[in-house]
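Participant: There's a structure below that I have some questions on.
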């Protein structure tokens, strides 16, 4: 047994191996050392359990593989050729240049986050963002205030806790959605301390269903945008204005989770439309708004004053860096400089321009790759505008050497990784979601071609 363990190289020796150095090029020395030690411990346990004999070369190869996995898992740029504009797994909406410049200018030092420069006393981090939002809300601004927290789930949790804890909140069964990462609306509601009252069925909910569910314990009606799915066919739902009247007649709050609230030039769900009827409206900052992760809360001033006093607000408040980026994005909206919003630029790109880029990619296929430019549909994604698509074009790739799944892995293993999707056993690369300056990287990868799997 001891002879088997003698084959295990020392950590210091492995650190000097050229293959190990190459695999660890993007990792810090402490992380590299930790990964090597962890893999050597696995190997020792395997030898003790199974009495296997491993050569030094095999051990080095396993260490290199672990280091490569660690390197892949670090945060790094990826090229999104999936055609999904708001892709949750790769950071949702890309930030505009103005936000990145503001982050660098303010994030590198101190700034007046919670300081009133006029008086020299402590101020509120929400003041300027609230003022910018009030300009966007226009006629809805007079009676509404704004709070910004870390994300939309946090916004819903805070609102429900501050306004409905201990009481009942009515929701249509068709709106009890899962919001991503396995979290569901009923779970968020339970965490807030309110009691969920389900009404209607998955596909049909009427005003009378809401009305019959109202009791002396009812505090609010919650409207939840279905976000990532649509129900078609035999359906019925209650218009927002009818629910607003019902809430008003019974002294209840109408709280609305828009999910992906928008302002022009993006289509519904518009924030201003919702605020015409709902007491409180919440939505995400990094979906159709095209900004950083944030949970935006707009609502009647007397209700917002109550929410501001809830201690949960401090735990959920927006981070200073996200707030910097959000303010820059709001200024872009106020200036109507929509072309500088990456999300709008991608969404409004004419199909013929997308097709031209895909055709350029087609002209650069290397050995082992075949393709054609085909019409396809891009989507907003991220739970925004479910069921709606954007006409687009894509390069459909196949390989005589690799299956579609293997080709997808090949693209993802590139540096930078290129993400695509499989449709009818072909890998589709959609230029709509690829930044123009990234085209060169895509071409370089395609020109390399692919070799048969060994």
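The values are calculated or read from the model by the stated rules, or taken from the named source; none is laboratory data. Computed from a prediction, not measured in an experiment: that's the story for all the values here. Neighbour counts are summed over all protein chains in view; Cβ atoms, including those assigned to glycine, are modelled from backbone coordinates with ideal geometry.
Participant: With the condition being more than 24 Å from the chain's Cα centre (by Cα), I'd like the helices (runs of 4 or more DSSP H) fully within segment 197-288 carrying at least 3 qualifying residues. Explain how you work it out, then say what you get.
Facilitator: On the way: elements: 207-213, 240-249, 271-275.
By residue number, 207-213, 240-249.
Participant: While we're on this one: If I filter segment 133-142 down to residues being over 9 Å from residue 275 (Cβ atoms) and touching a strand residue (DSSP E or B) at 6+ places or on another chain (Cβ under 9 Å), which single residue comes out as surrounded by the most Cβ atoms within 10 Å (Cβ to Cβ)?
Facilitator: Our first condition is that a residue be over 9 Å from residue 275 (Cβ atoms); within segment 133-142, this holds for 133-136, 138-139, 141-142.
From what is left, the residues that are touching a strand residue (DSSP E or B) at 6+ places or on another chain (Cβ under 9 Å) are 133-134.
Working: 133: 25, 134: 16.
Top of the filtered list is 133.
Participant: Something else about it: In segment 94-110, how many residues are free of Cβ contacts under 8 Å to residues at least 60 places away in the same chain and outside any helix (DSSP H, G or I)?
Facilitator: Total satisfying the criteria: 3.
Participant: Residue under question is residue 26, and the condition is that it be surrounded by fewer than 14 Cβ atoms within 10 Å (Cβ to Cβ) and modelled with pLDDT under 95; does it hold?
Facilitator: When the stated conditions are applied, residue 26 does not pass them.
Participant: Scanning for something surrounded by 15 or more Cβ atoms within 10 Å (Cβ to Cβ), in contact with a helix residue (DSSP H, G or I) (Cβ under 8 Å, 6 or more places away or on another chain) and on the phi > 0 side of the Ramachandran plot, does segment 82-98 turn up at least one residue? Working first, answer last.
Facilitator: We begin by selecting, within segment 82-98, every residue surrounded by 15 or more Cβ atoms within 10 Å (Cβ to Cβ); these are 82-88, 90-96, 98.
So of that shortlist, the ones also in contact with a helix residue (DSSP H, G or I) (Cβ under 8 Å, 6 or more places away or on another chain) come out as 82-87, 93-96, 98.
When the remaining residues are screened for being on the phi > 0 side of the Ramachandran plot, the result is 83.
Yes: segment 82-98 contains one or more residues that are surrounded by 15 or more Cβ atoms within 10 Å (Cβ to Cβ), in contact with a helix residue (DSSP H, G or I) (Cβ under 8 Å, 6 or more places away or on another chain) and on the phi > 0 side of the Ramachandran plot.
Participant: Return only the number of the condition from (1) surrounded by fewer than 24 Cβ atoms within 10 Å (Cβ to Cβ); (2) at pLDDT 95 or above that residue 270 does not satisfy.
Facilitator: (2) is the only condition that residue 270 fails.
Participant: Also, quick follow-up: Residues that are touching a strand residue (DSSP E or B) at 6+ places or on another chain (Cβ under 9 Å) and without any contact (Cβ under 8 Å) to a residue 60 or more places away in the chain: list the helices (runs of 4 or more DSSP H) wholly contained in segment 1-86 that include at least 2 such residues. If you could, list the steps in order and put the result at the bottom.
Facilitator: Details: elements: 2-5, 11-15, 18-23, 29-50, 56-72.
Those helices (runs of 4 or more DSSP H) do not exist here; none qualify.
Participant: Test residue 431 against the criterion of being under 26 Å from residue 344 (Cα atoms), surrounded by 14 or more Cβ atoms within 10 Å (Cβ to Cβ), touching a residue at least 40 places away in the same chain (Cβ under 8 Å) and touching a helix residue (DSSP H, G or I) at 6+ places or on another chain (Cβ under 7 Å), and give yes or no. First the steps, then the outcome.
Facilitator: Values: under 26 Å from residue 344 (Cα atoms): yes; surrounded by 14 or more Cβ atoms within 10 Å (Cβ to Cβ): yes; touching a residue at least 40 places away in the same chain (Cβ under 8 Å): yes; touching a helix residue (DSSP H, G or I) at 6+ places or on another chain (Cβ under 7 Å): yes.
Against the criterion (under 26 Å from residue 344 (Cα atoms), surrounded by 14 or more Cβ atoms within 10 Å (Cβ to Cβ), touching a residue at least 40 places away in the same chain (Cβ under 8 Å) and touching a helix residue (DSSP H, G or I) at 6+ places or on another chain (Cβ under 7 Å)), residue 431 qualifies.
Participant: Does at least one position in segment 69-80 carry a residue that is under 29 Å from the mean Cα position of the chain (by Cα) and more than 27 Å from residue 408 (Cα to Cα)?
Facilitator: The answer is no; no qualifying residue exists.
Participant: Test residue 135 against the stated conditions and say whether it is modelled with pLDDT of 90 or more, over 19 Å from residue 280 (Cβ atoms) and assigned to a helix (DSSP H, G or I). Let's see the steps before the verdict.
Facilitator: Working: modelled with pLDDT of 90 or more: yes; over 19 Å from residue 280 (Cβ atoms): yes; assigned to a helix (DSSP H, G or I): yes.
It is true that residue 135 is modelled with pLDDT of 90 or more, over 19 Å from residue 280 (Cβ atoms) and assigned to a helix (DSSP H, G or I).
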